[in-house]
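Engineer: Before we start, here is the structure in question, set down as C-alpha cells.
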Amino acid sequence: MKLRSYLGVFLILSSCSCENEVDPIKPNHGYIADHTLARESVLRDIPERFIEKARTTLHVAYQHTSHGTHVSYGMFGLQEYKAGDEILFGITNNNPIENKLDFRDLAMASYAADGDDAADLSRNETAFIQATRNYLDDPGNADINVLMWSWCNIAGHDVAGNYLPGMQTLISEYGKGGSKIGTGEGQRENPVTFIFMTGHANPNSNTGDGNPKEQAELITSFCLENNQYCLDYYSIDTHDMNGNYWEDTGDNGNSSAYGGNFLEDWQNNGSLGEHYFENKHAPYGSVTFGEHNSQHITANRKAYAMWYILACIAGYNP
C-alpha cells in the first residue's frame, strides 16, 4: 500500500520538482529538527496517535518577534491545508479549546522583570530567564508543559555565555525532576519541555565568528550532547527543497549563488493545497507570509518541524 501511494504521488508530480516527490533526502531523525525533518512527507509519516496526543495534552508557550512568526503563522495555516488537517493539526491562539493544541503566542514578554525587554532572545540576552520564571510561576499558566523562545537576529550575541547556560538553568528548575517541580509551596506540578532554537540565516553574512552558522553549531551541538530538542532555523533557511545548501541566503530563499529565489521558484512550480498551504495571521485568520518572507514555504517548513518536535515530546520515537 505504501509503495502504491508513493508511486501515485510520483506519477502526479513527475513534471514538478516539489515536496511530495519520491525523496532522496534521508531524514535525520533525532533531537534537531533540521531541513531534513521540515518536510510534509516526514510529518505525514508520523503515526497519527502521536500527533493526536501532542494536540490534546501539550500546552505551548511561545515568545518571539517578527522572524518567529514563521512558526506561528505556519502552524495557524496548516490546519486548513488538506482534508482531515483541521482536526489533526487543530490549534488555538491564547484561547484553549478541547481537542485542539493549546498554543499561547507572544506569551512571555509581559512577564519580564522591571526594565527588561523580553520580546525575544535578542533584545536583552538574559531577560528571558526571569521572564520565563515569572511566567511559569504564575498559577494561571500551571498547565504549560512546552516552552520556546525565538531569536530575532542571532548574530553577535553571546550564545555560549548567556543563552545556553540560561536555558540549562531553566531546565534544571522547571524540567523533569527540576527543583521547582513538586507539590510544595512555590512549586508547580507540570514539568516543562524547553525547545531550543537557532537563528535565521542572514543574506551574505552567515559565516564567521558570531554569525548564524557558527551560532547554530553551538546550539545544535549542545542539544545533541544534552538530549534537548531544537528547531533549527538556520538549517531550514539555508537548504532548498532538494537538500542543496546555499550559504549566502537569508530566510526568504534569495541566493546569488542559486541565481534567484529557490523557495519562490519551488512554490511557483507547485500547487496551492497540494504542495503547500497558505500561512495565516491567526487560526482561520487572514492569509499572510511569515514576516520578512515573500512566499509561504519558509513558514510551512517551520510548522512541519515544530509539529515533529511536539510529536516526539508526546512519545514518537522514529
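Condition check ((1) closer than 15 Å to ARG44 by Cα; (2) part of a helix (DSSP H, G or I)) across all residues:
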| residue | (1), (2) |
| --- | --- |
| GLN267 | no, yes |
| GLY270 | no, no |
| GLY285 | no, no |
| HIS292 | no, no |
| THR298 | no, yes |
| ALA305 | yes, yes |
| ILE309 | yes, yes |
| TYR316 | yes, no |
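Engineer: Let me ask you something else. Provide a single number: the residues in segment 230-245 that are touching a strand residue (DSSP E or B) at 6+ places or on another chain (Cβ under 8 Å) and over 20 Å from GLY290 (Cα atoms).
Structural biologist: Residues meeting the conditions: 1.
Engineer: From the list ILE97, ILE171, ILE129, which one is of a type in the set (A, V, I, L, M, F, W, C) and in a loop (DSSP other than H, G, I, E, B)? If you could, list the steps in order and put the result at the bottom.
Structural biologist: Working: ILE171 fails: in a loop (DSSP other than H, G, I, E, B); ILE129 fails: in a loop (DSSP other than H, G, I, E, B).
Selected residue: ILE97, the only one of ILE97, ILE171, ILE129 that is of a type in the set (A, V, I, L, M, F, W, C) and in a loop (DSSP other than H, G, I, E, B).
Residues are listed down the side, and each one gets a yes or a no for (1) among the small types (Gly, Ala, Ser); (2) more than 18 Å from PHE128 (Cα to Cα):
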residue: LYS180; (1), (2): no, no
residue: THR183; (1), (2): no, yes
residue: GLY186; (1), (2): yes, yes
residue: ILE195; (1), (2): no, no
residue: GLY199; (1), (2): yes, no
residue: ASN202; (1), (2): no, yes
residue: GLY208; (1), (2): yes, yes
residue: GLU214; (1), (2): no, yes
residue: ASN226; (1), (2): no, yes
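Engineer: Look through LEU78, LEU106, LEU101, LEU43 and report the one residue that is closer than 27 Å to ASN162 by Cβ, within 15 Å of the chain's Cα centre (by Cα) and of a type in the set (A, V, I, L, M, F, W, C).
Structural biologist: Values: LEU78 fails: closer than 27 Å to ASN162 by Cβ; LEU101 fails: closer than 27 Å to ASN162 by Cβ; LEU43 fails: closer than 27 Å to ASN162 by Cβ.
Testing whether each residue is closer than 27 Å to ASN162 by Cβ, within 15 Å of the chain's Cα centre (by Cα) and of a type in the set (A, V, I, L, M, F, W, C) leaves just LEU106.
Engineer: State yes or no: is TRP307 surrounded by fewer than 24 Cβ atoms within 10 Å (Cβ to Cβ) and either more than 26 Å from ASN95 (Cβ to Cβ) or at pLDDT 95 or above (or both)?
Structural biologist: Working: surrounded by fewer than 24 Cβ atoms within 10 Å (Cβ to Cβ): no; either more than 26 Å from ASN95 (Cβ to Cβ) or at pLDDT 95 or above (or both): yes.
When the stated conditions are applied, TRP307 does not pass them.
Engineer: Something else: Name the pairs whose Cβ atoms lie under 6 Å apart, with the first residue in segment 208-229 and of a type in the set (Phe, Trp, Tyr) and buried (at least 19 other Cβ atoms within 10 Å of the Cβ), the second at pLDDT 95 or above and assigned to a helix (DSSP H, G or I), and 6 or more positions between them or separate chains?
Structural biologist: As it stands, the answer is PHE222/LEU164; TYR229/ILE309, since those pairs meet every condition given.
The values are calculated or read from the model by the stated rules, or taken from the named source; none is laboratory data. What you see is a predicted model, and the numbers here were worked out from it, not measured in a lab. Please note: Cβ atoms are built from the backbone with ideal geometry, for glycine as well, and neighbour counts cover all protein chains shown.
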